[in-house]
Structure formats: C-alpha cells, structure tokens
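Asks: Have a look at the structure that comes next, please.
The values are calculated or read from the model by the stated rules, or taken from the named source; none is laboratory data. Just so it is clear, the model here is predicted, and its values are computed rather than measured. Cβ coordinates were reconstructed from backbone atoms using ideal geometry, including for glycine residues, and neighbour counts include every protein chain displayed.
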Amino acid sequence: MTLLGVDGLTVHFRIRRGLLKRSDDVVHAVDDVSLAVAPGETLALVGESGCGKSTVARAVLQLVKPTSGNISFMGQDLAGLKGSARRALRRDAQVVFQDPYSSLNPRMTVHSLVAEPLRANAKLSGRELEDRVLSLLEMVGLGTQHLWRRPHEFSGGQCQRIAIARALALEPKLVVLDEPTSALDVSVQARILVLLHELQQRLGLAYLFIAHDLAVVQSVAQSVAVMYLGQVAEQGPAADVFGDPRHPYTVALLDSSPSPDPEARATMRVLEGNVPSAIRPPQGCRFHPRCRFRMPVCEREYPTPHRLGARMIACHLPDDFDLARPDVHGPVQETTAIAD
C-alpha cells in the first residue's frame, strides 16, 4: 500500500528580469522525480544543497505548484483537490522545518502555538483543548511548566520539540521533516532522532526525511532517494544504497562523509568540481562533468532509470562495474562499459 505517490514530478521556476519582467530563463529545480512512501515508512531524500530536495517536499505539501507530474496522497490526486477537500487532506500531511526558531511565532506562547491548529481545524475549545495541548507537550518531553513561555526562552532542541508537537496536533499520517536536526548540536540531534523514532512507532507515522547528513539518514531511514541537480540518481532500500552503492554520485557522497577513523580520512576521495547551473543543466547525464567514470554517451543521453533488485539506478555504467577502481581518473571506454 502506498500512502504518498510521486510520479514524474517536475518543478520549474521562470526567472523574471527587467521592467517588463520578461525572461526565457528557467530554473530546473526538479525534473521527472518519482517516489513512493508506504504507511509507517521513512523515505530519506539526500544530496548536496540545491539538488531539489526541499522543492520536492514543498510540492508534496502543495506549497509550490508542480509544472508537470502527479502527486497522490491517501489514494487521491492532489491536483484535482480544491477548497475544503484540499484543506481536509492537508491535515494529514504536516511539516517540521529546519530552523526551529524561525518556524515559531516569537510573540506566541507555547500554548497558543500548539492550540492554534486545534482551534482552526478541529474546533476544540475549553477543557478538551487544554487536555489535548498538554498531552501533545508531554508526548514530546515537555510539560505544564512550559505552557506559557515564548520561543526565545527555550533551547534549539526544546523549540524543535514544540514544532514537532504542533505538527502532530491534527494526527497526521505523513510528516515532512526538512533537515529537522541540522541546526542542533550533535547530542541534541541524537535525542530528537530518538524522539522521532518513538513517535513513529507509537503513532504509525510516515516520514519524508530531508537531510544531507548521511550518518543521520542511515540511522532513521528504511528507503533512500539520492538526488543530484533536480533528478534522482539512485533509489532503494537504505541498506542496499549505503552498503553497495551503484551510482558514482552515491559513492562520492559516501566518500565525502566525515569519518572518525584517521586511515579512512587519509583515503577519502573528494568530489571535484562544482554543481552545474540549474538554469542551464548539462545535456545527457547531469553528473557527467564531475564523474570520473564518464563516457561519451553520458554527454549525449540521459540514462533511463533501470531496476537492480529493489533499487532504481540512473547510470550508463553496467551494474557489475567496479566503482571502487582506483585506476580510473578519467573517461572509460564506452565499448567496454555499456551494458546490453
């Protein structure tokens, strides 16, 4: 069963310049992305900054309008929903943002922040509202002593707990976590991740988890989609993607992850070059200007995603190609590298 289905999602932003606001330039934020999240599952979107992770999340939440593609949630096509039907479905998909301080109104107390969605959507009031607010705070490790304080009186971790409580107020089925721990200290990150796991087990939540910290992703996600410049390079079970990566960009991401092992740091291979412009992305495979395994076909044709076991991989290299080869530092021969 699929809770969230994304099929061929494309999001382009037209750039307007000058007095007449005319321009033919388009930012290719997301191109032909397909994902699926099952109930109770955590799907992680990973990749460098600017690769389109947050744009996918915003399109899922209907905060940006897709250029093309389909998004279905709980069996309903979001593009066809309007008015009250759209608002009702939105209750089941909530979000926790990266910066807990900027996501909370500094003028509101914790009580008001958590009670607001309950008043607006569930029409709760009186004792029923008070009990629900206190129950949500206790669920995230806070209590009555925090009810009448404002966000500036809390630490970053406590503010993120408040944001999580607010996101859970309407009992959603899906929570989008947009780098929920990246602004926190490492020790606080661990406690927030434990809390998110406990809430998922208790409430049966599905998470769309956006992150660039691969160590965090490995600890929380069942499935992973690796994005590069608006497209999915590799997607599949987290154990397979991290244990045996089959796309050169996935390998580069894992190689660039910090390691406490001095020997591992000494052999770490740094991904060279810069991310190309999303306004004029490279023809063919978008990763080929930075790929040490690139072939002539990579510059001409975008690789059609193909299945390898439970994974989807968008790469021209054959599935049995040795991505750990230390002798390859430039283009490989197309005749020996292309699979049938």
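Asks: Would you confirm whether or not the stretch 57-68 contains a residue that is surrounded by 15 or more Cβ atoms within 10 Å (Cβ to Cβ), without any contact (Cβ under 8 Å) to a residue 12 or more places away in the chain and farther than 29 Å from ARG311 by Cβ?
Replies: Within the stretch 57-68, none of the residues are surrounded by 15 or more Cβ atoms within 10 Å (Cβ to Cβ), without any contact (Cβ under 8 Å) to a residue 12 or more places away in the chain and farther than 29 Å from ARG311 by Cβ.
Asks: If you go through the stretch 229-251, how many residues are in a helix (DSSP H, G or I) and either in contact with a helix residue (DSSP H, G or I) (Cβ under 8 Å, 6 or more places away or on another chain) or closer than 24 Å to GLY273 by Cα (or both)?
Replies: We begin by selecting, within the stretch 229-251, every residue in a helix (DSSP H, G or I); these are 238-243, 248-251.
Still in the running and either in contact with a helix residue (DSSP H, G or I) (Cβ under 8 Å, 6 or more places away or on another chain) or closer than 24 Å to GLY273 by Cα (or both): 238, 241-242, 248-251.
The total comes to 7.
Asks: Would you be able to say whether some residue in the stretch 154-165 is crowded, with 19+ Cβ neighbours inside 10 Å and more than 25 Å from the chain's Cα centre (by Cα)?
Replies: The answer is yes, given that some residue of the stretch 154-165 is crowded, with 19+ Cβ neighbours inside 10 Å and more than 25 Å from the chain's Cα centre (by Cα).
Asks: A further question follows. With the checklist (1) loosely packed, with under 13 Cβ neighbours inside 10 Å; (2) small (Gly, Ala, Ser); (3) within 30 Å of GLY141 (Cα to Cα) in hand, flag the one item GLY83 doesn't pass.
Replies: (3)
Asks: Another question about this same structure. Exactly one condition in (1) closer than 26 Å to PHE154 by Cα; (2) β-branched (Val, Ile, Thr); (3) touching a helix residue (DSSP H, G or I) at 6+ places or on another chain (Cβ under 8 Å) is not met by VAL64; state its number.
Replies: (1)
Asks: Considering only residues that are surrounded by 15 or more Cβ atoms within 10 Å (Cβ to Cβ) and farther than 20 Å from LEU193 by Cα, which ones fall in the stretch 137-151?
Replies: Of the residues in the stretch 137-151, the ones surrounded by 15 or more Cβ atoms within 10 Å (Cβ to Cβ) are 137, 139-142, 146-147, 149-151.
Correct list: HIS146, LEU147, ARG149, ARG150, PRO151.
Asks: Here's another thing I want to ask about it. Find the residue count for the stretch 132-188, including only residues that are in contact (Cβ under 8 Å) with a residue 40 or more places away in the chain, assigned to a helix (DSSP H, G or I) and hydrophobic (A, V, I, L, M, F, W, C).
Replies: The total comes to 7.
Asks: Taking interchain pairs and intrachain pairs at least six residues apart, which have beta carbon atoms under 7 angstrom, with the first residue in the stretch 15-40 and over 23 Å from GLN222 (Cα atoms) and the second modelled with pLDDT under 95 and among the charged types (D, E, K, R)?
Replies: Within 7 Å, the pairs are ILE15/ASP25; SER23/ARG14; SER23/ARG16; SER23/ARG17; VAL26/ARG14.
Asks: So, of the residues in the stretch 20-47 that are modelled with pLDDT under 90 and of a type in the set (Asp, Glu), which turns out to be surrounded by the fewest Cβ atoms within 10 Å (Cβ to Cβ)? Can you show your working first?
Replies: Start the filter on the stretch 20-47 by keeping residues that are modelled with pLDDT under 90, which leaves 20-25.
Pick out the ones that are also of a type in the set (Asp, Glu) and you get 24-25.
On the way: ASP24: 6, ASP25: 12.
So, considering only residues that are modelled with pLDDT under 90 and of a type in the set (Asp, Glu), the one surrounded by the fewest Cβ atoms within 10 Å (Cβ to Cβ) is ASP24.
Yes or no, residue by residue, for (1) within 30 Å of ARG91 (Cβ to Cβ); (2) in contact with a Lys or Arg (Cβ under 7 Å, 6 or more places away or on another chain); (3) modelled with pLDDT under 90:
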| site | (1), (2), (3) |
| --- | --- |
| GLY204 | yes, no, no |
| TYR207 | yes, no, no |
| LEU229 | no, yes, no |
| THR267 | no, no, yes |
| LEU271 | no, yes, yes |
| ASN274 | no, no, yes |
| PRO282 | no, no, no |
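Asks: Oh, and also: From (1) buried (at least 16 other Cβ atoms within 10 Å of the Cβ); (2) touching a residue at least 40 places away in the same chain (Cβ under 8 Å); (3) part of a helix (DSSP H, G or I); (4) more than 25 Å from the chain's Cα centre (by Cα), pick out the condition that doesn't hold for LEU129.
Replies: (2)
Asks: Could I ask something else about it? For MET108, all conditions in the list (1) in a helix (DSSP H, G or I); (2) among the hydrophobic types (A, V, I, L, M, F, W, C); (3) at pLDDT 90 or above hold save one; what is the number of the exception?
Replies: It fails just one condition, (1).
Here is a yes/no grid of residues against (1) touching a strand residue (DSSP E or B) at 6+ places or on another chain (Cβ under 9 Å); (2) of a type in the set (Gly, Ala, Ser):
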{"site": "ASP99", "(1), (2)": "no, no"}
{"site": "ALA115", "(1), (2)": "no, yes"}
{"site": "LEU118", "(1), (2)": "no, no"}
{"site": "SER125", "(1), (2)": "no, yes"}
{"site": "LEU134", "(1), (2)": "no, no"}
{"site": "VAL140", "(1), (2)": "no, no"}
{"site": "ALA163", "(1), (2)": "yes, yes"}
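Asks: Could you grab me the full set of residues in the stretch 296-340 that are at pLDDT below 90, of a type in the set (Gly, Ala, Ser) and within 18 Å of ASP244 (Cβ to Cβ)?
Replies: Residues satisfying the conditions are ALA324, ALA339.
Asks: Do you know which residues across the stretch 236-258 are among the polar types (S, T, N, Q) and either over 19 Å from the mean Cα position of the chain (by Cα) or surrounded by fewer than 21 Cβ atoms within 10 Å (Cβ to Cβ) (or both)?
Replies: We begin by selecting, within the stretch 236-258, every residue among the polar types (S, T, N, Q); these are 250, 256-257.
Result: SER256, SER257.
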